[in-house]
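The values are calculated or read from the model by the stated rules, or taken from the named source; none is laboratory data. As the structure is a computational prediction, the values presented were derived from the model and not from experiment. All Cβ positions, glycine included, derive from the backbone under ideal geometry; neighbour counts span all protein chains shown. SASA here: full protein model, heavy atoms, side chains in, ligands and nucleic acids out. Shrake-Rupley method; radii C 1.70, N 1.55, O 1.52, S 1.80 Å.
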Amino acid sequence: MGSYLIKRVASLIPILFGISVLIFTILHLVPGDPASIMLGTNATPEAIAALNKSMGLDQPLINQYLHWVTGILQGNFGVSVHTGEEILPQILKRFAITMQLTVFGVLIGWVLAIPFGILSAIRAHSKTDIVVRVFTLLGISVPNFAIGTLLLLGFSLYFNWFPPIDVVNFWDDPIEAFKVFILPATTMGIVVAAGVMRMTRSAFLETMDKDFIRTARAKGNSKWTIVMGHAFRNSSIPIVTIAGMQIGYLLGGSVIVEQLFSIPGLGQYILEGIYQRDYPVVQGGVLFVALVFVLVNLLIDLIYTWIDPRIKY
Amino acid sequence: MKKRVLAGFFLSLSLVLSACSGGGTAPAEQGKSAEGQAKTELIVAAEQEPVGYDPHKVPAASSVRVYALIYDSLTKLDENMNIVPNLAEKWEIAPDGKTVTMFLQKGVKFHNGKDMTADDVKFSFERIMNPDTGSIAKSYFSSVEAIEVKDPTTVVFKLKNADASFVANTASAYASIVPAGSTDLTKEAIGTGPFKMEKSESGQYVLLKKNADYFNKELPKVESIKFQIMKDEAERLAAIRSGKVDISMVSADSAKLLDGKPGVQIKNYQSLEYSYLGINVNKKPFDNPKVREAISYAVDRNQIIQTVWKGEATLTGPIAPALTNSALDPATYPTYKTDVEKAKQLLAEAGYPNGFETQIETAATYPDMVETAQVIQQQLKAIGINAKINQLEWGNYIDTWKSKDMNLMVGRNTSGVDADRSMRFFFSTTGSANVWNYSNPAYDELVQKALTTVDQSERKKLYDEAQTMLVADAPNLFLASPKNYYAVRDNIDFTPSAAGEVYSLIKTSIK
């Protein structure tokens, strides 16, 4: 276990190095440079050149890369070429916001998904099952920007209620944070719920067919004991897998929901960086998301061993 | 049934929400703050986040709307687009037009308490003109030879040649006066303007507080302005309807949607922008003037106004019609009358009786540009020109624009506040924004002469002639100048005009 952990953590180094090279290259291959985007079609060539020079973008690419990587190794993510702000504090601040949104969204998702997923499995082909399956189909196929826009307009049009526009941290003011995050988190929660519900249903259906469940039934256990005591744990591996993947994706990619509800999270920060060709912001942001993604995956792998003692590393 | 379920869902959620907010604010009370005092803070929805506050370096509209409230320029525009005094209380132009003396307001202070003097003006202009600054306004002041400080409130600009656009250009926010000795203005913002920078929360808002020492004692009328960053139009609509923001720019479509809704008014003004179809005059077959003329006859500009702008735009020439003193009436241009037969005949004369294939570049970022390209594509089909539309991401679009290698390109320009900008900057042979390779010595001579002519009626005649020449040569087809829309809460006294949002915001009050 210990050596496994060390191996996994060590493998982070080549992964992150590869990502850094990849993101740097791709970003600089994309047409358009920050100065001409800032200055638009009203620019003079001298102004563009002067601005690029002042941002250090007139240097050869390899120098720019080395400069960036040496900075990162010293914990310095550099400054935004647009606003001159330090990037690392911004990333951390915005990540904290995205994390709250994600946790909130995932919780809503799971609270909906797991009981209903189980219910629809043990009552397969009943009315409940049909409702659940229709919901999962809708949740998977309706894009989240549509769900979000509907929620936003629905509340403001019919009830004149609009979430507070300044984001606050949960630990500063839980009630205000709840009001800020409820609509965006519900938007994310519906999508999360659909995926997890589907997985829960099929995992449970499969487990309920297993011999040990039949044995448990034959022993005269109550339905509750069978489902929660025997089936639940044995069905959790695929559920945890998909849930873990969703957390990873949401942390890095809640872009649309953040954009829609003006949540200044990490996804929005990177997206804005891409539009503006703010190289240091995008590079730093993507690298950070990659790190988080890999760590979440590692965590999920560790949870496996706890759920199912037969799994050993 | 479905509706009832949906309404039930919203109702129960909103009950939960209002339970934890302790009642919430009823719409009627939104003019007052929670403590029952009168509301003094104006909340403006901002579509984009500001990218720094250096007025000499940052041309992004999201930044200008903020720093133009913090800094002042020597002159400014009134709602009729006339140049009026600002930091300069008056100015004198020598008879030969080569010396401009600016007399500054006395007793104006920067936000840090320092007096604003002629030295600050000299420093600011020298900073703009220094190539290392990379200032967008450098080209506005290329005629300046020297700046002399006569006394603390008198600055003399010596020009290489008479420059009739000089005073107008000092009204630009890019020519803001900054404190002498400033080096990095990216984050700190210390000006003489009606508002001070209070707080800026990245990704969320920018808060400005009233400058109590502002030299115009009657302004501004609100205690603070908060620019709330809301990138999504649906969110801005929901926020203005529920009274969370007071003022928001909206699209023409959303304006129609909001019109007549309780609590919200829609206000508009004729913008200084215009849309165009750019033609690369170096590329075959567009190097043939007859082909360009044919395209001009084939394009029905009114249809573009109806389809793209839903009728809410005005026909335009090279100068946007909002600049009423300079713009020529488009009815005077012969090629503005759509005539497909004539267009076909011209194409045949040019050697393309069966038309040809080509490509229109446009920016995917702006739906109006894409729609304009689509309408033009249809119209050109009628004379045998088959155009493929290439939708580009904004960075890519700018690169293509700079490359001077496109065939046809749909875009939008801002006319600027003086005819010189609309004409010389975009279309003279050496104009920085002339990416169409258009070069006509007669045109160059006209606009150069207009620049150095101080007599306004003479100047107008020269520009009239230049506009007619430009439309006939057609390196661009000038299409439509749209209106801009604001949604404003009922209790806010805000009147937008082409002179700019800043001009309107300073005068805005809360009823």
Considering only residues that are open to solvent by 70 Å² or more (accessible area, probe 1.4 Å), in a helix (DSSP H, G or I) and either of a type in the set (Asp, Glu) or touching a helix residue (DSSP H, G or I) at 6+ places or on another chain (Cβ under 9 Å) (or both), which ones fall in the range A:1-14?
A:Val9
Considering residues that are touching a helix residue (DSSP H, G or I) at 6+ places or on another chain (Cβ under 7 Å) and either modelled with pLDDT under 95 or not aliphatic (A, V, I, L, M) (or both), the number found within the range B:269-288 is 3
Please specify each residue of the range A:174-188 satisfying the condition of being more than 7 Å from every other protein chain (Cβ to nearest Cβ) and open to solvent by 60 Å² or more (accessible area, probe 1.4 Å).
A:Pro174
Please count how many residues of the range A:207-236 are among the basic types (Lys, Arg) and more than 25 Å from A:Tyr304 (Cβ to Cβ).
4
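Which of the residues spanning the range A:9-33 are hydrophobic (A, V, I, L, M, F, W, C) and within 13 Å of chain B (Cβ to nearest Cβ)?
From the range A:9-33, those hydrophobic (A, V, I, L, M, F, W, C) are A:9-10, A:12-13, A:15-17, A:19, A:21-24, A:26-27, A:29-30; that's our starting set.
A:Leu27, A:Leu29, A:Val30 - these are the residues of the range A:9-33 that are hydrophobic (A, V, I, L, M, F, W, C) and within 13 Å of chain B (Cβ to nearest Cβ).
Does A:Pro34 fit the bill of being touching an Asp or Glu at 6+ places or on another chain (Cβ under 9 Å) and within 30 Å of B:Phe427 (Cα to Cα)? Before the answer, list the steps.
Details: touching an Asp or Glu at 6+ places or on another chain (Cβ under 9 Å): yes; within 30 Å of B:Phe427 (Cα to Cα): yes.
Against the criterion (touching an Asp or Glu at 6+ places or on another chain (Cβ under 9 Å) and within 30 Å of B:Phe427 (Cα to Cα)), A:Pro34 qualifies.
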Where a residue in the range A:212-231 is free of Cβ contacts under 8 Å to residues at least 60 places away in the same chain and its partner, wherever it lies, is of a type in the set (Lys, Arg) and open to solvent by 60 Å² or more (accessible area, probe 1.4 Å), with Cβ under 7 Å and at least six apart
A:Ile226/A:Arg217
Matching residues, the range A:52-71, being more than 26 Å from B:Lys138 (Cβ to Cβ) and either open to solvent by less than 60 Å² (accessible area, probe 1.4 Å) or outside any helix (DSSP H, G or I) (or both)
A:Pro60, A:Gln64, A:Tyr65, A:Trp68, A:Val69, A:Gly71
B:Met230 vs. criteria aliphatic (A, V, I, L, M), touching a strand residue (DSSP E or B) at 6+ places or on another chain (Cβ under 8 Å) and within 14 Å of another protein chain (Cβ to nearest Cβ)
yes
A careful count of residues in the range A:34-51 that are crowded, with 19+ Cβ neighbours inside 10 Å, over 20 Å from B:Pro50 (Cβ atoms) and more than 7 Å from chain B (Cβ to nearest Cβ) gives 1
Check on A:Gly248, open to solvent by less than 20 Å² (accessible area, probe 1.4 Å) and within 14 Å of another protein chain (Cβ to nearest Cβ):
no
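Residues of the range B:59-71 being open to solvent by less than 10 Å² (accessible area, probe 1.4 Å) and within 22 Å of B:Asn130 (Cα to Cα), which ones? I'd like the intermediate steps shown before the answer.
If we filter the range B:59-71 for residues that are open to solvent by less than 10 Å² (accessible area, probe 1.4 Å), which is where we start, we get B:63, B:66-67, B:69-71.
Within the range B:59-71, B:Ser63, B:Tyr67, B:Tyr71 qualify.
Just give me the residues in the range B:432-443 being of a type in the set (A, V, I, L, M) and free of Cβ contacts under 8 Å to residues at least 24 places away in the same chain, in sequence order.
B:Ala433 - this is the single residue of the range B:432-443 that is of a type in the set (A, V, I, L, M) and free of Cβ contacts under 8 Å to residues at least 24 places away in the same chain.
Given the condition closer than 22 Å to B:Ile43 by Cα, open to solvent by less than 60 Å² (accessible area, probe 1.4 Å) and either at pLDDT below 90 or more than 7 Å from chain B (Cβ to nearest Cβ) (or both), answer yes or no: does some residue in the range A:194-201 qualify?
Narrowing the range A:194-201 to residues closer than 22 Å to B:Ile43 by Cα: none.
Within the range A:194-201 (the criterion being closer than 22 Å to B:Ile43 by Cα, open to solvent by less than 60 Å² (accessible area, probe 1.4 Å) and either at pLDDT below 90 or more than 7 Å from chain B (Cβ to nearest Cβ) (or both)), the answer is no, since none of the residues qualifies.
Among the residues of the range B:444-462, count how many are among the hydroxyl-bearing types (Ser, Thr, Tyr) and touching a residue at least 24 places away in the same chain (Cβ under 8 Å). Lay out the reasoning, then the answer.
Step one: of the range B:444-462, the residues among the hydroxyl-bearing types (Ser, Thr, Tyr) are B:452-453, B:457.
Going one step further and asking which of them are touching a residue at least 24 places away in the same chain (Cβ under 8 Å), we end up with B:452-453.
Result for the range B:444-462: 2.
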Residues satisfying the stated conditions in the range B:378-408, i.e. under 24 Å from the mean Cα position of the chain (by Cα) and assigned to a strand (DSSP E or B)
B:Gln391, B:Leu392, B:Leu408
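So for the range B:474-494 (the condition being of a type in the set (Asp, Glu) and buried (at least 18 other Cβ atoms within 10 Å of the Cβ)), does at least one residue qualify?
Just the residues of the range B:474-494 that are of a type in the set (Asp, Glu), to begin with: B:490, B:493.
Subsequent filtering for residues that are buried (at least 18 other Cβ atoms within 10 Å of the Cβ) retains none.
No, there is no match, as no residue in the range B:474-494 is of a type in the set (Asp, Glu) and buried (at least 18 other Cβ atoms within 10 Å of the Cβ).
Based on this model, can you work out whether B:Leu479 counts as at pLDDT 95 or above and out of contact with any Leu (no Cβ under 6 Å at 6 or more places or on another chain)? Talk me through it step by step, then tell me what you get.
On the way: at pLDDT 95 or above: yes; out of contact with any Leu (no Cβ under 6 Å at 6 or more places or on another chain): yes.
Yes; evaluated as a whole, the condition is true for this residue.
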Name the residue that is farthest from the other protein chains (Cβ to nearest Cβ), counting only residues in the range A:260-274 that are in a helix (DSSP H, G or I) and closer than 12 Å to B:Glu49 by Cα.
A:Gly273
Restricting attention to the range B:123-178, report how many residues are within 14 Å of chain A (Cβ to nearest Cβ) and small (Gly, Ala, Ser).
7
So for the range B:428-451 (the condition being away from chain A (no Cβ under 14 Å), closer than 25 Å to B:Ala298 by Cα, touching a helix residue (DSSP H, G or I) at 6+ places or on another chain (Cβ under 8 Å) and among the aliphatic types (A, V, I, L, M)), does at least one residue qualify?
no
Criterion first (in a helix (DSSP H, G or I), touching a Lys or Arg at 6+ places or on another chain (Cβ under 9 Å), more than 30 Å from A:Pro164 (Cα to Cα) and among the small types (Gly, Ala, Ser)) does A:Ala231 satisfy it?
yes
Residue ID - nearest to B:Val66 (Cα to Cα), chosen from residues in the range B:164-215 that are buried (at least 19 other Cβ atoms within 10 Å of the Cβ) and among the β-branched types (Val, Ile, Thr)
B:Val206
Qualifying position, being buried (at least 19 other Cβ atoms within 10 Å of the Cβ) and acidic (Asp, Glu), among B:Glu312, B:Glu341
B:Glu312
Taking the range A:144-170, which residues are assigned to a helix (DSSP H, G or I), surrounded by 15 or more Cβ atoms within 10 Å (Cβ to Cβ) and more than 9 Å from every other protein chain (Cβ to nearest Cβ)?
A:Asn144, A:Ile147
Cβ pairs under 8 Å, 6+ apart or interchain, first in the range B:51-62 and closer than 13 Å to B:Lys138 by Cα, second of a type in the set (D, E, K, R), ordered by first then second residue, are B:His56/B:Arg127
Would you point out the residue of the range B:239-249, among those that are under 21 Å from A:Leu183 (Cβ atoms) and open to solvent by 10 Å² or more (accessible area, probe 1.4 Å), that is farthest from the other protein chains (Cβ to nearest Cβ)?
B:Gly243
